[in-house]
Amino acid sequence: HVLTVSEFSKQDIAQYYRLSPDRITVTYEAAESANTTCSPEHAAEAMRQYGIEKPYILYVGNAYPHKNLEVLLNTMKVIKDREGHIPWNLVLVGRKDYFYSRLEHQAWAYDIDDHVVFPGFVSDADLPCLYQHADAYIFPSKYEGFGLPPLEAMMYGTPVIAARSSCLPEILGNAALYFDPEDISGIIKAVNSVRSDPSVRSALIEQGRTQ
């Protein structure tokens, strides 16, 4: 018998390995309980330590190609070319490796590196501060078997913007604002909606905690 983490993964496994769906059971994952609070003093120190300035949109995770982080840099370049400035920063949290180095170079080549922060590894003690002070958490991934970081963001009361791809609508339900993975206009619209409409923001926070 096979245990897996989502109906989407179940379908993939059944098709790829030619298994009967009766032999596969879905058991959902969950984020660990949010028992770490972030005081104003702790938040200020974390922002200083990692070089983060508000307002910012947050991503936490690795930078493998299927995570589709390049589309976020493309989005920021479009905003800068169109408007002459970028009204928010992008914080990409993840251990430095070849893929993150490639993104850093891309940000430099696009001349948007003053608006993209690569903190590298962030400790479990500091991570709640980054979640709680972000305007939104964004997850542009093209393929996930489950997708744990957006649930972690919801647990900390951070609105979630996510790609409408693979398992994400199944896992995030109505608690996220969705965009197509390659749709730059859709990303801009979603970010602007969360940042400018308090009713959208509060609804996503409430629905996120329920989810």
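Observations
- The reciprocal of the average 1/r between distinct C-alpha atoms defines the Kirkwood hydrodynamic radius, which for the stretch 55-106 equals 11.7 Å.
- Length-normalised contact order for the stretch 128-211 - Cα pairs under 8 Å, 6+ apart - percent: 32
- For the chain, the fraction of 1.4 Å probe accessible surface lying on carbon and sulfur atoms is 49 percent.
- Sorting TRP108, TRP88 by accessible area puts them as TRP108, TRP88; the probe is 1.4 Å, largest comes first, and only protein heavy atoms count.
- Close amide H pairs (under 5 Å, H built 1.01 Å from N) link LEU69 with no residue at least 5 positions away or on another chain.
- Interatomic Cα distance distribution for the chain, bins of 10 angstrom, percent: 8, 33, 36, 17, 5, 1
- CYS38 accessible area, assembled protein chains, probe 1.4 Å, Å²: 20
- Cα gyration tensor category, rounded, prolate or oblate, for the stretch 2-125 with a/c compared to 1.5: oblate
- Proximal lysines to LYS142, defined as alpha-carbon separation beneath 16 angstrom and excluding residues fewer than eight positions away on the same chain: LYS67
- THR158 long-range amide H proximity, modeled H, under 5 Å: none
- In the chain, Cα pairs under 8 Å separated by at least six residues give a relative contact order of 22 percent.
- Per residue, in Å², the accessible surface of the stretch 31-108 once ligands and nucleic acids are set aside, probe 1.4 Å: 53
- Value at 222 nm in deg cm²/dmol, rounded to 500, when DSSP H runs of n ≥ 4 in the chain each add -39,500 (n - 2.57): -13000 deg cm²/dmol
- Per residue, the accessible area of the stretch 135-186 comes to 31 Å² when a 1.4 Å probe rolls over the protein heavy atoms.
- Two-decimal log10 I(q)/I(0) for the stretch 65-187, as the Debye equation yields it once each C-alpha is a single scatterer, q = 0.09 Å⁻¹: -0.24
- Karplus 3J(HN,Hα) series, Hz, for the stretch 174-183 with 6.51 cos²θ - 1.76 cosθ + 1.60 (x for Gly, Pro): 8, 8, 9, 9, 9, 9, 6, x, 10, 8
- Annotation: peptides 148-161, 2-15, ranked by per-residue average of other Cβ atoms within 10 Å with the highest first, follow the order 148-161, 2-15.
- Packing-based order for 94-104, 135-145, using average beta carbon neighbours within 10 Å, highest first: 135-145, 94-104
The values are calculated or read from the model by the stated rules, or taken from the named source; none is laboratory data. These numbers were taken from a predicted model, which means no experiment stands behind them. With ideal geometry, Cβ positions are generated from the backbone for all residues, glycine too; neighbour counts draw on all protein chains shown. Quick note on the areas: whole protein, heavy atoms, side chains included, nothing else; ligands and nucleic acids left out. Shrake-Rupley method; radii C 1.70, N 1.55, O 1.52, S 1.80 Å.
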